[in-house]
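The values are calculated or read from the model by the stated rules, or taken from the named source; none is laboratory data. Everything quoted here is computed from the prediction, not taken from an experiment. When we count neighbours, we look across all protein chains shown, and the Cβ atoms used for this are built from the backbone with ideal geometry, even at glycine. What goes into the accessible areas is simple: the full protein's heavy atoms, side chains included, and nothing from ligands, DNA or RNA. Shrake-Rupley method; radii C 1.70, N 1.55, O 1.52, S 1.80 Å.
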Amino acid sequence: MRRPPALPNQPGPPFDNLAARRLRTALGMGPEHVAYGLRVSYGLPYATPDLVLDWEDGTLTPTSPELTALAAVLWCSPGELIGRPRTLREHRVSRGLAPEDVARALGLELLAYLSMEEHDDWRGTDRQSTLLADLLQLSLPDFVTVTGREPRLAEHLRGAVSTRWQAHVRPVAKIVPLGRRLLEHTLRELHQQYQGQMVATLSWGGGSEDSGASGQEFLDRIVDHFWDTIRLNSG
């Protein structure tokens with residue numbers, strides 16, 4: 001029996017697929033045991049070992065009823081299987097809000113809001129962005145991600161660490177509403193970390209290939225490095 005299609009606009013909460021696999025393994029259960037429990041005890045006749053593996057691989061995401069049933073089979077709370085929200089839709093679902101509630105609070109047409117969720121493309125005004133952050137209780141990193149500002153932030157951060165960091169303070173401040181002194185200190189520190197890493201790699205005799213790989217890894221995670229450094233400097 002095939003899995004029934006999910007109802008429109010009824011997504012499941014963000015799913016921590018690695019936690020699901022870890023909990024199953026700790027119980028000594030195979031995917032077939034989980035699927036059997038879902039079928040027999042929780043009324044999911046379409047549950048198969050392949051479906052369980054698709055959830056654990058991140059290929060598919062369980063709906064809310066499926067996640068509740070899975071948690072029962074794995075002897076854990078549903079909260080242990082819920083991952084950190086990433087998208088606008090996941091943040092809304094994690095707060096237990098209907099799309100109508102969010103659209104109404106932000107002064108948006110429902111279809112316009114749903115389109116933003118579906119395409120992960122926030123197009124609200126600054127005022128609506130502020131209302132959204134309050135309504136969904138977004139942290140600053142989540143706010144930057146949900147409102148689509150993260151790619152621009154990453155671009156300026158890469159420029160700051162690889163060229164003159166001073167030239168990127170103002171553009172970063174327009175994306176991230178933080179104090180100028182904090183941003184200056186953070187960008188200078190990131191620049192020093194990146195340049196120091198490149199120099200150290202070359203001095204070890206690794207050559208340009210090793211230094212390039214090390215530098216690229218730093219640049220790939222530049223946004224994470226930025227928020228980590230902000231937290232340290234704000235403490």
| query | Just to be sure, is Arg181 assigned to a helix (DSSP H, G or I), open to solvent by 40 Å² or more (accessible area, probe 1.4 Å), out of contact with any helix residue (DSSP H, G or I) (no Cβ under 7 Å at 6 or more places or on another chain) and modelled with pLDDT of 95 or more? | reply | yes
| message | Scan the stretch 150-162 and tell me whether some residue there is surrounded by fewer than 20 Cβ atoms within 10 Å (Cβ to Cβ) and under 26 Å from Thr61 (Cα atoms). | response | yes
| message | Looking only at helices (runs of 4 or more DSSP H) that lie completely in the stretch 39-108, which have at least 1 residues being open to solvent by less than 10 Å² (accessible area, probe 1.4 Å) and either over 21 Å from Arg22 (Cβ atoms) or in contact (Cβ under 8 Å) with a residue 60 or more places away in the chain (or both)? | response | 88-94, 99-106
| note | Scanning the stretch 118-139 for residues that are open to solvent by less than 50 Å² (accessible area, probe 1.4 Å) and in contact (Cβ under 8 Å) with a residue 24 or more places away in the chain gives Trp122, Leu132, Leu136, Leu138
